[in-house]
Amino acid sequence: MSDTTEQQQPPPLEPLTEDWQRGLAVVAHPDDLEFGAAAAIARWTSQGKHIVYTLATSGEAGIDGMSPQECAPLREQEQRNSAAVVGVDTVEFLGFADGVIEYGLPLRRAIARAVRQHRPEVVITTNFRDTWDGRSALNQADHIATGRAVLDGVRDAGNRWVFTDLLDDGLQPWGDVRQVWVANSPEAGHGVDVTDTFDRGVASLQAHEQYLRGLGSGTFDPEEFLESLARGVGSRLGARYGVAFEVFPLRSF
């Protein structure tokens, strides 16, 4: 009986390295980072690291009772407010259409441009696997397209002969991204202790006030939801709260 229980326990997570200074977070929508990763970002900015947010869309299709034209500026401002809570002062929007992002060259080019412009050592994105749990909890199409484009766009950024128009804009190749970190992936093998910054992660999600009002019956509790995720990850790190990441190494630290 005890052997069976032992086998069902998820394995421990390896702590992420923190020997870096510049990060770039690239996701599909406002609120994507706040469903877990923001608490980790708060930890890193508290260490003096500089992180930039780049969002593929403005989240304009995210509130059912509000037109995209009205919704986009509201959600952009909520994202800026949310980012400020965790120490991020640069938030960019790429202008792709919410809900219908397609993996392809325009998205890869836009991501490569951001990487060349900001020259990060680490790039952060969110789960782009087909499911959230490795079984049947389906992921959303924009997340999948954006995350896969992040992996390719990061590598494109280091190749002088891919998207040569970026050279015309004065953006030289940047091949010094060490790793891509994917938050909340069901394939995660790494994690970060966010016990000390968990409350800031909750506050950053709460900053998406109008968006959260439109979720389900309107009774969504950000703190309860994030705690349910963070406790399980924390137990795999020997901490109270944690955030899990899948790591894609591009070059060694």
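Read the figures in this text as sums done on the coordinates, not as results from a lab. A quick note: this is a predicted structure, and the numbers were derived from the prediction, not measured. Positions of Cβ are generated from backbone atoms using ideal geometry, with glycine treated the same way; all protein chains shown enter the neighbour counts.
Only DSSP H runs of four or more residues enter the estimate; each adds -39500 (n - 2.57), and after division by the residues of the chain the mean residue ellipticity at 222 nm equals -12000 deg cm²/dmol.
Antiparallel DSSP bridges in the range 18-249: what percent, to the nearest 5? The antiparallel proportion sits near 35 percent.
Pick from Gly147, Gly238, Gly191 the residue whose mean-square fluctuation is largest in a GNM of the chain, springs joining Cα atoms under 10 Å. So, out of Gly147, Gly238, Gly191, the one fluctuating most is Gly238.
Based only on the alpha carbon positions, what is the Kirkwood hydrodynamic radius of the range 1-86, in angstrom? Walk me through the intermediate numbers first.
Values: mean 1/r = 0.0649 Å⁻¹.
Final number for the Kirkwood radius of the range 1-86 is 15.4 Å.
For a Förster distance of 22 Å, can you work out the FRET efficiency between the beta-carbons of Glu187 and Arg231, rounded to the nearest 0.05? It comes to 0.65.
Calculate, in nm to one decimal, what Gln140 and Asp168 gain on full extension: separation in residues at 0.36 nm each, minus their alpha carbon distance.
On the way: separation 28, 0.36 × 28 = 10.08 nm, distance 3.51 nm.
My answer for the length gained is 6.6 nm.
In the Gaussian network model of the chain, springs joining C-alpha atoms below 10 Å, which of Pro11, Pro106, Pro120 carries the largest mean-square fluctuation? So, out of Pro11, Pro106, Pro120, the one fluctuating most is Pro11.
Once both labels are positioned 7 Å from their Cα atoms along Cα-to-Cβ, the gap between Asp130 and Gln210 label points is 3.7 nm. Placing +1 on the Cβ of every Lys and Arg and -1 on the Cβ of every Asp and Glu, with no other charges, gives the range 67-137 a dipole of roughly 360 debye about its Cα centre.
Can you give the local net charge around Asn81? Use residues other than it whose beta-carbon is closer than 14 angstrom to its beta-carbon, Lys and Arg +1, Asp and Glu -1.
Working: positive: Arg75, Arg80, Arg200; negative: Asp31, Glu34, Glu76, Glu78, Asp89, Glu209.
Spelling it out: positives minus negatives among the neighbours equals -3.
Estimated from the Cβ-Cβ distance and a Förster radius of 25 angstrom, the FRET efficiency linking Asp199 and Phe248 is about 0.25. Relative contact order of the chain: what whole-number percent is it, with Cα pairs under 8 angstrom and at least 6 residues apart? Relative CO of the chain lands at 26 percent. Listed by Cβ neighbour count within 10 Å, with the fewest neighbours leading, Ile63, Ile41, Ile51 appear as Ile63, Ile51, Ile41. Couplings 3J(HN,Hα) for the range 225-242, derived from phi with the Karplus relation 6.51 cos²θ - 1.76 cosθ + 1.60 (θ = phi - 60°), are 5, 5, 5, 5, 6, 6, 5, x, 5, x, 5, 7, 10, x, 10, 6, 10, x Hz, where x marks Gly and Pro.
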